[in-house]
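Report on the following structure.
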Amino acid sequence: MDDSVQELELDAIAPGTVLASDLLESSGKVLVMAGTALTAEMLEAVRREGITRIRVKGEEGSGEAEQERCESRLKYLFRNTAGNGPAEELHRLLIAYRQGGQE
Amino acid sequence: MTGQDDFRLDRESLSRALAALPPMPAIVNELLRSLDDPETSGEELARKIALDQVLVARLLRIANSSFYGLRRKVVSVRDAVFVLGMGNIRNLALAAAVSGPVGAHAAASGINLRGFWRHGVATALCAGMLAGRMKCSGDGAFAAGLLHDLGRLVVAGGFPRHFQEVRRVRQSRDCLLQDAEVEVLGIDHSAIGRQLAESWGFPDALCVAVGGHHDAGSLLSGSLASVVHLADAIAHSLDVAGDETDQVPWIYPPCWNEAGLSWADSQELFQEVEQRLDAYCEMFGQH
C-alpha cells in the first residue's frame with residue numbers, strides 16, 4: 001500500500017498534516033475523513049475523543065528523527081527481555097521493519 | 001500487611017463475579033463448536049444465526065459495509081455467510097457477544113477498551129497467520145487470539161479497586177501485568193479468563209489457550225496456547241494498544257523455533273497485521 005503512511009502520537013502531529021485513515025468516534029460515526037489536512041481545532045476534537053495515535057501521510061524527509069524515535073520506543077518495549085533469545089531476535093526484526101525492511 | 005491481603009481474590013468471590021456476567025448467547029457456543037466439527041455446513045449455521053436478530057442485523061451491516069466494497073446489496077444471512085466466509089462470521093459473532101456485555105461491564109473501571117481490543121485483534125491476526133506454521137487451525141487461532149485477555153475485563157469490571165491496585169503495582173515495579181496480578185490478587189488474568197471461558201462452555205482447546213498463554217507448561221507443540229503465546233508477544237512488540245508503558249513479554253524459545261520465521265516472513269507478518277488492523281477493528285466495531 002502507501003509507503004509514506006505512518007502512525008504517530010497525536011502530540012507529535014502539527015496542523016496541516018494529512019490524515020491517512022478515517023478517524024471514528026466511539027459511536028462509530030466518522031469524525032474526520034482520510035485525506036483531510038488536519039487543523040488545530042480538529043486535532044483538539046480528536047484529543048477529546050480520547051484518541052492518542054493516528055495514521056497520517058508523512059513526508060519522506062522527516063526520516064532521521066522519526067527513525068530515532070522508533071528505535072528508542074522499541075528499546076523501551078523490549079526493556080525487560082534481556083537474555084531471552086527469541087525476544088532479542090524479534091527486537092532485531094522490528095528494528096529492520098521500522099527502517100523500511102533493510103536486512 | 002493487611003492492606004496487601006485485602007486484594008486477594010478467592011475462588012468464591014471470583015465465581016460470584018463470573019456468575020454476575022451476562023450469559024453467552026447460545027449461538028456463540030454453536031459457532032465455536034462448529035470449529036471442531038467439519039460436519040457442520042454453512043447452510044446449517046446460517047439457519048441458526050438467522051434466529052438471533054441482533055447478530056443478523058450486525059452481520060448484514062458489515063457485509064454491506066465499504067470493507068467488502070460489493071455493488072450488490074446483501075440481504076440474507078446465507079449471502080452474508082457467502083460474502084464474509086464462515087471464519088469471519090464466527091469471529092464477528094464472538095467479538096459482538098463478548099465486547100458488548102463484558103466490555104460495557106468493564107468500561108467504568110477506566111480500562112482502555114479501545115487499546116484492549118486493538119491488542120486483541122492484532123493478536124488474533126498474528127495468531128491466524130502463525131497457526132499454519134505451528135500446525136494449528138487458523139479459525140480457532142483467530143478466536144483464541146481475540147479472546148486471550150478476557151480475564152482482564154473480568155478484573156476491571158468485577159473488581160475495579162483491585163484493578164487500580166494492580167495498575168499501581170505494575171507501574172511502580174515496571175513488571176508484566178500478570179506478575180503484578182499474581183502479587184496483588186494471587187491469580188492472573190489468564191487463569192481468570194480460563195474460568196470464564198469454561199463457565200461459558202467454550203471448547204477445551206480455547207479454554208487452555210486463554211488460560212495457558214503465559215504458562216510454559218501449557219505451551220505444547222501444535223497447541224493453540226503456543227500460537228497465542230507467540231502472537232501476543234508480537235502484538236505487544238507492534239505497539240498497537242496505545243499503552244505508553246506497554247512491554248514485550250518473555251517468549252518461550254520452543255514456540256519461537258516452531259514458528260521458524262525467516263527474516264522475510266517476519267517483515268511480511270508485521271506488515272500484514274498493521275495493514276489489516278484498522279479495518280478489522282472497524283469491522284468488529286472496536287475502534
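Here is a list: B:VAL28, B:VAL54. Which entry is more than 14 Å from B:ASN91 (Cα to Cα) and either out of contact with any Gly (no Cβ under 7 Å at 6 or more places or on another chain) or not in a helix (DSSP H, G or I) (or both)?
Numbers: B:VAL28 fails: more than 14 Å from B:ASN91 (Cα to Cα).
Only one candidate passes the filter, namely B:VAL54.
Tally up the residues in the range A:61-103 that are assigned to a helix (DSSP H, G or I) and either at pLDDT 95 or above or within 11 Å of chain B (Cβ to nearest Cβ) (or both), please.
Here is the first cut: in the range A:61-103, the residues assigned to a helix (DSSP H, G or I) are A:61-77, A:85-98.
Next cut, either at pLDDT 95 or above or within 11 Å of chain B (Cβ to nearest Cβ) (or both) only: A:70, A:73-77, A:85-98.
Adding up the residues that qualify gives 20.
Taking the residues in the range B:179-190 that are more than 20 Å from the chain's Cα centre (by Cα) and among the β-branched types (Val, Ile, Thr) as candidates, determine which candidate is farthest from B:GLY211 (Cα to Cα).
Per the stated criteria, the residue is B:VAL184.
Please note which helices (runs of 4 or more DSSP H) are completely contained in the range B:126-178 and include at least 3 residues that are within 12 Å of the chain's Cα centre (by Cα) and more than 18 Å from B:LEU31 (Cα to Cα).
Values: elements: B:138-147, B:150-158, B:160-173.
Output list reads B:150-158.
Give the residue that is nearest to B:LEU113 (Cα to Cα), with candidates limited to residues of the range A:24-46 that are part of a loop (DSSP other than H, G, I, E, B), within 10 Å of chain B (Cβ to nearest Cβ) and in contact with a helix residue (DSSP H, G or I) (Cβ under 9 Å, 6 or more places away or on another chain).
Filtering the range A:24-46 for residues that are part of a loop (DSSP other than H, G, I, E, B), within 10 Å of chain B (Cβ to nearest Cβ) and in contact with a helix residue (DSSP H, G or I) (Cβ under 9 Å, 6 or more places away or on another chain), the one nearest to B:LEU113 (Cα to Cα) comes out as A:SER26.
Could you check the range B:200-248 and list, in sequence order, the residues that are free of Cβ contacts under 8 Å to residues at least 60 places away in the same chain, within 14 Å of B:GLN178 (Cα to Cα) and buried (at least 20 other Cβ atoms within 10 Å of the Cβ)?
B:GLY211, B:GLY212, B:HIS214, B:HIS229, B:ALA233, B:VAL248
Only one residue in B:GLY217, B:GLY193 is farther than 23 Å from B:GLU244 by Cβ and either of a type in the set (A, V, I, L, M, F, W, C) or within 14 Å of the chain's Cα centre (by Cα) (or both). Which one?
Numbers: B:GLY217 fails: either of a type in the set (A, V, I, L, M, F, W, C) or within 14 Å of the chain's Cα centre (by Cα) (or both).
Answer to the check: B:GLY193.
Answer yes or no as to whether B:LEU113 is more than 15 Å from B:ASP149 (Cα to Cα), in contact (Cβ under 8 Å) with a residue 60 or more places away in the chain and within 14 Å of chain A (Cβ to nearest Cβ).
On the way: more than 15 Å from B:ASP149 (Cα to Cα): no; in contact (Cβ under 8 Å) with a residue 60 or more places away in the chain: yes; within 14 Å of chain A (Cβ to nearest Cβ): yes.
No: the conditions fail for B:LEU113.
Mind listing whichever residues of the range B:237-264 are facing chain A (nearest Cβ under 7 Å) and assigned to a helix (DSSP H, G or I)? Explain how you work it out, then say what you get.
To start, the set of residues in the range B:237-264 that are facing chain A (nearest Cβ under 7 Å) comprises B:237, B:239, B:242, B:246-248, B:250-251, B:253, B:256, B:263.
Of everything in the range B:237-264, those that are facing chain A (nearest Cβ under 7 Å) and assigned to a helix (DSSP H, G or I) turn out to be B:SER237, B:PRO253, B:TRP256, B:TRP263.
Quick one: in the range A:37-49, which of the residues that are loosely packed, with under 14 Cβ neighbours inside 10 Å and within 17 Å of the chain's Cα centre (by Cα) is modelled with the lowest pLDDT? Lay out the reasoning, then the answer.
Here is the first cut: in the range A:37-49, the ones loosely packed, with under 14 Cβ neighbours inside 10 Å are A:37, A:39-41, A:44, A:47-48.
The next check asks that each one be within 17 Å of the chain's Cα centre (by Cα); those that pass are A:37, A:47.
Details: A:ALA37: 83, A:ARG47: 86.
Across the range A:37-49, the extreme among qualifying residues is A:ALA37.
Out of everything in the range B:208-236 that is touching a Phe, Trp or Tyr at 6+ places or on another chain (Cβ under 9 Å) and not in a loop (DSSP other than H, G, I, E, B), what residue ends up being farthest from the other protein chains (Cβ to nearest Cβ)?
Applying the filter and picking the extreme gives B:VAL210.
List the pairs whose first member sits in the range B:265-277 and is facing chain A (nearest Cβ under 8 Å), whose second member is in a helix (DSSP H, G or I), and whose Cβ atoms are under 6 Å apart, counting only residues at least 6 apart or on separate chains?
From residues that are facing chain A (nearest Cβ under 8 Å), the pairs are B:SER266/A:LEU93; B:GLN267/A:TYR97; B:PHE270/A:TYR97.
Given the criterion closer than 26 Å to B:ASP179 by Cα and surrounded by fewer than 20 Cβ atoms within 10 Å (Cβ to Cβ), identify the matching residue among B:ALA144, B:ALA127, B:ALA107, B:ALA156. Working first, answer last.
Details: B:ALA144 fails: surrounded by fewer than 20 Cβ atoms within 10 Å (Cβ to Cβ); B:ALA127 fails: surrounded by fewer than 20 Cβ atoms within 10 Å (Cβ to Cβ); B:ALA156 fails: surrounded by fewer than 20 Cβ atoms within 10 Å (Cβ to Cβ).
It is B:ALA107.
Would you please name the residue that is farthest from A:GLN99 (Cα to Cα), looking only at residues in the range A:11-23 that are surrounded by 14 or more Cβ atoms within 10 Å (Cβ to Cβ) and in contact with a helix residue (DSSP H, G or I) (Cβ under 7 Å, 6 or more places away or on another chain)?
Restricting to residues being surrounded by 14 or more Cβ atoms within 10 Å (Cβ to Cβ) and in contact with a helix residue (DSSP H, G or I) (Cβ under 7 Å, 6 or more places away or on another chain), the top hit is A:LEU23.
Given the conditions (1) at pLDDT 80 or above; (2) in a loop (DSSP other than H, G, I, E, B); (3) crowded, with 16+ Cβ neighbours inside 10 Å, which single one is not true for B:THR40?
B:THR40 satisfies all of (1) at pLDDT 80 or above; (2) in a loop (DSSP other than H, G, I, E, B); (3) crowded, with 16+ Cβ neighbours inside 10 Å except (1).
Within the range B:92-120, how many residues turn out to be touching a Leu at 6+ places or on another chain (Cβ under 6 Å) and either at pLDDT 90 or above or aromatic (Phe, Trp, Tyr) (or both)?
Within the range B:92-120, residues that are touching a Leu at 6+ places or on another chain (Cβ under 6 Å) and either at pLDDT 90 or above or aromatic (Phe, Trp, Tyr) (or both) number 1.
Would you call B:ALA63 surrounded by 18 or more Cβ atoms within 10 Å (Cβ to Cβ) and at pLDDT below 80?
Answer is yes for this residue.
The values are calculated or read from the model by the stated rules, or taken from the named source; none is laboratory data. These numbers were taken from a predicted model, which means no experiment stands behind them. Virtual Cβ from ideal backbone geometry, glycine too; neighbours counted across all protein chains shown.
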